[in-house]
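First up is the structure itself, then whatever we jot down about it.
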Amino acid sequence: MKIAVLPGDGIGPEIVAQAVKVLEALRTDGAKIEMETAPIGGAGYDAAGDPLPEATLALARDADAVLLGAVGGPQYDALDRPLRPERGLLRIRKELNLFANLRPALLYPELAGASSLKPEVVSGLDLMIVRELTGDVYFGQPRGIEIRNGERVGFNTMLYSESEVRRVAHVAFGIAMKRGKKLCSVEKANVLECSELWKEVMIEVSKDYPEVALTHMYVDNAAMQLIRAPKQFDTIVTGNIFGDILSDAASMLSGSIGMLPSASLDEHNKGMYEPIHGSAPDIAGKNLANPLATILSVAMMYRYTFADIATADRIENAVKQVIAQGLRTGDIWTEGTRRVSCSEMGDAVVKSL
Ligand code: IPM
Ligand code: MG
């Protein structure tokens, strides 16, 4: 297995180093893994004047899977839009056709106290958000800022073709089949034509999955229901912008955004794996970050791209064990638990593995 390792910016290099330790431990046990590192985001701009350097994209294309840390930092905010770190991320998603973004929100029982919601609202939470990742208002044309009637206007286009909706629908129904067989499609069909088509295609695809109960919810209501009673959801499927917003909200249900991994898949289950959180420039280089979301992203890599469920379970169990042992980085620390650094957390996971 060839893994392209793209640490990126901010805390990216520190957290990816811990995930690489986990991969190296698996290699010692006989897993056949090759890893190669390349810059992306601000690091790509610094190295090659491009947030997605040619060589990085080539490496990622050639790899079976990509492990990404995070991109972005205040020193890059003043760059022209096409040179910003976020553009590197959006481009690699598009170039590799990673249209299905899986964002689980799972609550570890020991972390219930770290959630901003009451423990009874979130305990037992196990939710999967499937976010479409290569379409919608993120990529729709036309877009721009121009002068109309003597003043500046900004515009973007919300656009989905039926084939784009259909392929992410199949991924979402497939995942719902392996989970609780409940799929909620989130859109804004009461206002947007784009959502109207989305909903129609979801209903068409549902005919192939008679065992899955499909429901529909407007995005504003879904935002409210996620905070009010999140356990009503099993699997959610939604477009790029709604998924961006709802997945940040869902992450807080589980206590810390530092715990949540993600997978972005193409139609052959090739994937890019990254924590949901960002580059956290305020704590970068201080060995304080929580590496568990990145380590759990490696577990998702085994589950989805390598189809090695046993190893995925093994990594997830190792993480559960260090949590049960009371080890905590600052973001999930509570009275009575042991505060550890990023690298100590990585070492503990490797030991428990
Ligand atoms: C995410 C991020 C990205 C997005 C940004 C960094 C471009 O918020 O992965 O959710 O909007 O998709
Ligand atoms: Mg986001």
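Structure summary
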| read-out | value |
| --- | --- |
| Count of residues meeting criterion [out of contact with any Pro (no Cβ under 8 Å at 6 or more places or on another chain) and either of a type in the set (A, V, I, L, M, F, W, C) or touching a residue at least 40 places away in the same chain (Cβ under 8 Å) (or both)] in region 280-294 | 10 |
| Odd one out for V201, checked against (1) within 16 Å of ligand 2 (Cβ to nearest atom); (2) open to solvent by less than 40 Å² (accessible area, probe 1.4 Å); (3) assigned to a helix (DSSP H, G or I); (4) over 18 Å from L106 (Cβ atoms) | (1) |
| All positions within region 226-252 that are near ligand 1 (Cβ under 10 Å from one of its atoms) and open to solvent by 20 Å² or more (accessible area, probe 1.4 Å) | I241, D244, I245, D248 |
| First in region 301-323 and closer than 27 Å to H268 by Cβ, second anywhere and open to solvent by 70 Å² or more (accessible area, probe 1.4 Å) and hydrophobic (A, V, I, L, M, F, W, C), Cβ under 7 Å, 6 or more apart | R303/I309; F306/M1 |
| Single residue of A293, A318, A348, A299 found to be buried (at least 16 other Cβ atoms within 10 Å of the Cβ), farther than 28 Å from D62 by Cβ and in contact with a strand residue (DSSP E or B) (Cβ under 8 Å, 6 or more places away or on another chain) | A348 |
| Selected residue (only one of R81, R61, R103, R93 is free of Cβ contacts under 8 Å to residues at least 40 places away in the same chain and within 20 Å of the chain's Cα centre (by Cα)) | R61 |
| Pick from region 168-194, criterion without any contact (Cβ under 8 Å) to a residue 40 or more places away in the chain and among the small types (G, A, S), ranking: nearest to N269 (Cα to Cα) | G174 |
| Wholly enclosed strands (runs of 3 or more DSSP E) of region 87-149 bearing at least 2 residues crowded, with 22+ Cβ neighbours inside 10 Å | 100-106, 126-132 |
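The values are calculated or read from the model by the stated rules, or taken from the named source; none is laboratory data. A quick note: this is a predicted structure, and the numbers were derived from the prediction, not measured. Note that we place each Cβ from the backbone using ideal geometry, even for glycine, and neighbour counts take in every protein chain shown. Ligands, DNA and RNA are excluded from the accessible area calculation, which covers all protein heavy atoms including side chains. Shrake-Rupley method; radii C 1.70, N 1.55, O 1.52, S 1.80 Å.
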